[in-house]
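The values are calculated or read from the model by the stated rules, or taken from the named source; none is laboratory data. Please read all numbers here as calculations on a predicted model, not as lab measurements. Ideal geometry is used to build each Cβ from the backbone, glycine not excepted, and the neighbour counts take in all protein chains shown. All accessible areas refer to the heavy atoms of the entire protein, side chains included, with ligands and DNA or RNA removed. Shrake-Rupley method; radii C 1.70, N 1.55, O 1.52, S 1.80 Å.
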Amino acid sequence: SEFLNSPACDLQYNNVALLLGSWGTGKTHFLCDLTARRSKSGRATLFILAKDFSPGQNAGKSLAGYTGLAESFEEVAKGLNTLGQARKERALLLIDGINESDHAIWRNSIGSIINTVNKYPYLGIVISCRQPFEQFIFRASDLKRVVTLSHRGFEDIEFDAQSDFFKYYKIPLPEIPLLAEEFSRPLTLKVLCEAFRDLP
C-alpha cells in the first residue's frame, strides 16, 4: 500500500516530476549529482539551469535554442526519446530553478511542455522550483498532471550532516548540536563552515 501510493509508483506511469523544496535544501546539487552519475554510466541526461537563458515568449522554444540541439522543444524531446529508446529506459531532461526565471512565461509554457513530454514514453522530465513559487508558476490544472517530489535537505539526519561538514572543513564540533531548522539546510552549513574555517 505504501509503495502503491508513493511517487516512485506514480513515476512508473507519469513521466513528469516537479521537485520542490525551500531555499538552500540542495535541489540543484541533487540534480547535478544525478546528472553526473547518469552521464558516467552513459545514460542520456540533459541538465539545464533555467536562470542561464531567457525564456523569451515561449520557454520550451527558448530552451531548445539555448541547447543548440534543435529549434523546437518538440525536436529536443524527440531526440532524447530516441536516445532513451535505444537503451530501453527513459532519458532525462532536468530543468533546475524555474523560479529564478520569468514566472509568467513559464506559467504559460508549462502546459505545452507537459503535453509534449507525455507523447514520449522514453523521456522523463524533472522541473525544480523553490517553494512557494510553484503556486505562482503552475496552474492548478498543471499541478494535477505532475508527480510532486519534496527535497527536505538534511531533515532527520541533521546531526550526521553537521558532523560530516565540520570534519570536512576541519572545524571542531560544537558541544551542543545546532538545532535550528536552518542547520538542516546544506547551504547554511556550507556558508557557516566557510566563514569559520579560517578563524583561530
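Among the numbered criteria (1) free of Cβ contacts under 8 Å to residues at least 40 places away in the same chain; (2) of a type outside the set (Gly, Ala, Ser); (3) open to solvent by 20 Å² or more (accessible area, probe 1.4 Å); (4) out of contact with any helix residue (DSSP H, G or I) (no Cβ under 8 Å at 6 or more places or on another chain), which single criterion is violated by residue 11?
(1) is the only condition that residue 11 fails.
Take the residues in region 66-80 that are of a type in the set (Asp, Glu) and more than 11 Å from residue 117 (Cβ to Cβ), then tell me which one is surrounded by the most Cβ atoms within 10 Å (Cβ to Cβ).
75
From (1) within 21 Å of the chain's Cα centre (by Cα); (2) of a type outside the set (Gly, Ala, Ser); (3) over 22 Å from residue 28 (Cα atoms), pick out the condition that doesn't hold for residue 173.
(1)
Show me the helices (runs of 4 or more DSSP H) found entirely inside region 133-188 where at least 1 residues are surrounded by 12 or more Cβ atoms within 10 Å (Cβ to Cβ) and in contact with a strand residue (DSSP E or B) (Cβ under 7 Å, 6 or more places away or on another chain). Working first, answer last.
Working: elements: 134-137, 140-143, 158-168.
Fully inside region 133-188 and qualifying: 134-137.
Scanning region 119-132 for residues that are in contact (Cβ under 8 Å) with a residue 60 or more places away in the chain and under 20 Å from residue 21 (Cβ atoms), which turns out surrounded by the fewest Cβ atoms within 10 Å (Cβ to Cβ)? It would help to see each step written out before you state the result.
Here is the first cut: in region 119-132, the residues in contact (Cβ under 8 Å) with a residue 60 or more places away in the chain are 120-121, 123-131.
Now narrow it down to the ones that are under 20 Å from residue 21 (Cβ atoms): 124-131.
On the way: 124: 23, 125: 24, 126: 23, 127: 25, 128: 24, 129: 25, 130: 17, 131: 15.
Per the criteria, the residue is 131.
Does residue 63 satisfy the criteria of being assigned to a helix (DSSP H, G or I), touching a residue at least 12 places away in the same chain (Cβ under 8 Å), farther than 14 Å from residue 15 by Cβ and open to solvent by 50 Å² or more (accessible area, probe 1.4 Å)?
So residue 63 fails the test.
Which one of 83, 19 is open to solvent by less than 20 Å² (accessible area, probe 1.4 Å), modelled with pLDDT of 95 or more and not small (Gly, Ala, Ser)?
So the residue among 83, 19 that is open to solvent by less than 20 Å² (accessible area, probe 1.4 Å), modelled with pLDDT of 95 or more and not small (Gly, Ala, Ser) is 19.
Here is a check on your reading of the model: is residue 62 of a type in the set (Ser, Thr, Tyr), closer than 30 Å to residue 135 by Cβ and more than 18 Å from the chain's Cα centre (by Cα)?
Judged against the criteria, residue 62 is a match.
Tell me yes or no: at least one residue of region 45-65 is in contact with a His (Cβ under 9 Å, 6 or more places away or on another chain) and among the charged types (D, E, K, R).
Looking through region 45-65, none of the residues is in contact with a His (Cβ under 9 Å, 6 or more places away or on another chain) and among the charged types (D, E, K, R).
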